Amino acid sequence: RDRLGIVPGPGHAGKINCDGDAIGDVYPRYPVMDLETAICEAVRLRSSQGVVALSGGVDSTLVATLARLPCLAVGLEGSHDLERASRAADLLGLDCTLFTIRTGDVESALVRILGAIPRKSPVDAAIATTQFFIARAAGDRGYDRVLTGQGADELFGGYARYLTTRDIESQLGGDFATLGAQAERDQAVAALHGVLLS
């Protein structure tokens, strides 16, 4: 499994497993590169197939622009996510399909979501619900991989709460430490539709 445990699978993250035994470690050596090059390379390595989850925010719009793959956006009718995704796609010449979620769909989805996610909290359920509908839209269209901008707020200080914190290093460190659990939650929901988030 990959060192960060993003791709779900048997065994511990960062280990090479053979017949149930860990026989080695996964510790890739990456070349030193500046941030822009690293972001471009990360998207390039993941954009050979799939679709991009586009919300119209900075994170997903950057991924969509670099990947140049078809995009999907989900939201309730009249939601700002659908409006922003549509506007971003139009401005950048991206192919984006919008999917409207009906409120009745959320209730039935939550039953499946809560059965799949490892940690059950209102925040986890809310985020997993969006991932559920993106993965469902992708899977229904024959895609098995979805590129997202997940984790960028934790990596680059994108949350509004960072503006008022007294200890930005601790806040960022604490949020960064949650990325593994977030990936586990998101992959569990995507797997319900045979999709991998990357």
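Which of the residues spanning region 40-70 are buried (at least 24 other Cβ atoms within 10 Å of the Cβ) and assigned to a helix (DSSP H, G or I)? Listed by number, the residues that qualify are SER60, VAL63, ALA64.
Selection over region 106-137 of residues that are part of a helix (DSSP H, G or I), open to solvent by 30 Å² or more (accessible area, probe 1.4 Å) and without any contact (Cβ under 8 Å) to a residue 60 or more places away in the chain gives a count of 13.
Residue by residue through region 85-95, note down the ones that are over 18 Å from the mean Cα position of the chain (by Cα), assigned to a helix (DSSP H, G or I) and in contact (Cβ under 8 Å) with a residue 12 or more places away in the chain.
Residues of region 85-95 that are over 18 Å from the mean Cα position of the chain (by Cα), as a first pass: 86-95.
Next, from what is left, pick out any that are assigned to a helix (DSSP H, G or I): 86-92.
If the condition is that a residue be over 18 Å from the mean Cα position of the chain (by Cα), assigned to a helix (DSSP H, G or I) and in contact (Cβ under 8 Å) with a residue 12 or more places away in the chain, then SER86, ARG87, ALA88, ALA89, LEU92 are the ones that fit.
Just one of (1) open to solvent by less than 30 Å² (accessible area, probe 1.4 Å); (2) among the aliphatic types (A, V, I, L, M); (3) not in a helix (DSSP H, G or I) fails for LEU98. It is (1). Close Cβ contacts (under 6 Å, 6 or more residues apart or on different chains) running from residues in region 45-66 that are within 17 Å of ILE134 (Cβ to Cβ) to residues that are basic (Lys, Arg) and open to solvent by 10 Å² or more (accessible area, probe 1.4 Å) comprise GLN49/ARG145; GLY50/ARG145; GLY56/ARG84.
Is it true that GLY157 is touching an Asp or Glu at 6+ places or on another chain (Cβ under 7 Å) and small (Gly, Ala, Ser)? Step through it out loud before you land on a result.
On the way: touching an Asp or Glu at 6+ places or on another chain (Cβ under 7 Å): no; small (Gly, Ala, Ser): yes.
No, not satisfied.
Within region 24-43, residues that are at pLDDT 90 or above reach partners that are of a type in the set (Asp, Glu) and not in a loop (DSSP other than H, G, I, E, B) with beta carbons closer than 9 Å, at six or more positions or on different chains, in the pairs MET33/GLU41.
Residues in region 11-61 that are touching a Lys or Arg at 6+ places or on another chain (Cβ under 6 Å) and among the aliphatic types (A, V, I, L, M) were compared, and the one that is farthest from ALA88 (Cα to Cα) is ALA22.
The values are calculated or read from the model by the stated rules, or taken from the named source; none is laboratory data. If you're wondering where the values come from, they're calculated on a predicted model, not measured in any experiment. Every residue, glycine among them, receives a Cβ derived from its backbone with ideal geometry; neighbour counts consider all protein chains shown. Surface areas here come from the heavy atoms of the whole protein model, side chains and all, with no ligands, DNA or RNA. Shrake-Rupley method; radii C 1.70, N 1.55, O 1.52, S 1.80 Å.
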